[in-house]
Amino acid sequence: MVTLDIFSDPVCPWCYIGKANLDRALADHPDHPFSVQWHPFQLNPDMPPEGMPKRAYLEEKFGGKARVDAIHERLREFARNAGVAMDPDNPQRIPNTLDAHRLIHWAGIEGVQPAVAAALMRAYWVEGRDIGDHETLAAIAGENGMDRAATLRLLHSDADADDIVARDADARQKGVTAVPTFLIARQYVVSGAQPPQMWAQVIADLAAANPSP
């Protein structure tokens, strides 16, 4: 197996689109060698714990309504091309994602990390759910094979929060500046929402470099 480390944030639209492109390539190549592991990177680490109204936050960050409208239209185009049903205006709030990253970490321990990472992105971008809310996160955990009550208890504590912050900082120190960022075989870095064709070529190159006996 080849480790595919993915640095992402569930509230990053390009992460959702990039994941869709990767999923399509993996589905088309069921013999792919990848073992996928998800890693934390907070786009907005200084976001208040309660989050903020998303539209107002983006308009202040990017310089007004017209600029955000243009960004969202570009996102819709890329999402359509990736087969993703995503409306960038659907989420009403932008959360602090520390707790979402804690949930992804715990999902990895329980062997359901891919499902939970996908569910968090879908919950935010498609369903417009607040993935900074503990009850919402616990519900997503329960919907994907985890113990809802146990997860809620952990969320109400500080369990693994320092670890997530340290891992985020370590990724930045090692050169991750934006997401999604993919680290292939702990050697090769690919950034951005790459198309399925790129992943197909990577899978082909790996197969050529490591032929089956």
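Data overview
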{"quantity": "Where a residue in the stretch 39-58 is over 21 Å from Lys19 (Cβ atoms) and its partner, wherever it lies, is surrounded by 15 or more Cβ atoms within 10 Å (Cβ to Cβ) and hydroxyl-bearing (Ser, Thr, Tyr), with Cβ under 8 Å and at least six apart", "calculated": "Met47/Thr97"}
{"quantity": "Residue among Ala115, Ala193, Ala169 that alone is under 30 Å from Gly83 (Cα atoms) and assigned to a helix (DSSP H, G or I)", "calculated": "Ala115"}
{"quantity": "Qualifying residue in the stretch 25-36 (condition: part of a strand (DSSP E or B), over 19 Å from Pro91 (Cβ atoms), under 11 Å from the mean Cα position of the chain (by Cα) and touching a residue at least 60 places away in the same chain (Cβ under 8 Å))", "calculated": "no"}
{"quantity": "The stretch 134-158, residues that are more than 17 Å from Pro95 (Cβ to Cβ) and not in a helix (DSSP H, G or I)", "calculated": "Asn144, Gly145, Met146, Asp147, Ser157, Asp158"}
{"quantity": "Qualifying residue in the stretch 40-48 (condition: of a type outside the set (Ser, Thr, Tyr), buried (at least 21 other Cβ atoms within 10 Å of the Cβ) and more than 17 Å from Trp125 (Cα to Cα))", "calculated": "yes"}
{"quantity": "Residue within the stretch 177-192 that is closer than 26 Å to Pro49 by Cα and surrounded by fewer than 16 Cβ atoms within 10 Å (Cβ to Cβ) present", "calculated": "yes"}
{"quantity": "When residues of the stretch 137-154 are limited to those that are surrounded by fewer than 16 Cβ atoms within 10 Å (Cβ to Cβ) and not basic (Lys, Arg), the one farthest from Pro48 (Cα to Cα)", "calculated": "Gly145"}
{"quantity": "When residues of the stretch 117-136 are limited to those that are under 14 Å from Tyr16 (Cβ atoms) and among the β-branched types (Val, Ile, Thr), the one surrounded by the most Cβ atoms within 10 Å (Cβ to Cβ)", "calculated": "Ile131"}
{"quantity": "Where Ala200 falls short, out of the listed (1) outside any helix (DSSP H, G or I); (2) surrounded by 12 or more Cβ atoms within 10 Å (Cβ to Cβ)", "calculated": "(1)"}
{"quantity": "Residue in the stretch 118-127 that is part of a loop (DSSP other than H, G, I, E, B) and either modelled with pLDDT of 95 or more or not hydroxyl-bearing (Ser, Thr, Tyr) (or both) present", "calculated": "yes"}
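The values are calculated or read from the model by the stated rules, or taken from the named source; none is laboratory data. Please read all numbers here as calculations on a predicted model, not as lab measurements. Every residue, glycine as well, gets a Cβ built from its backbone with ideal geometry; the counts of neighbours run over all protein chains shown.
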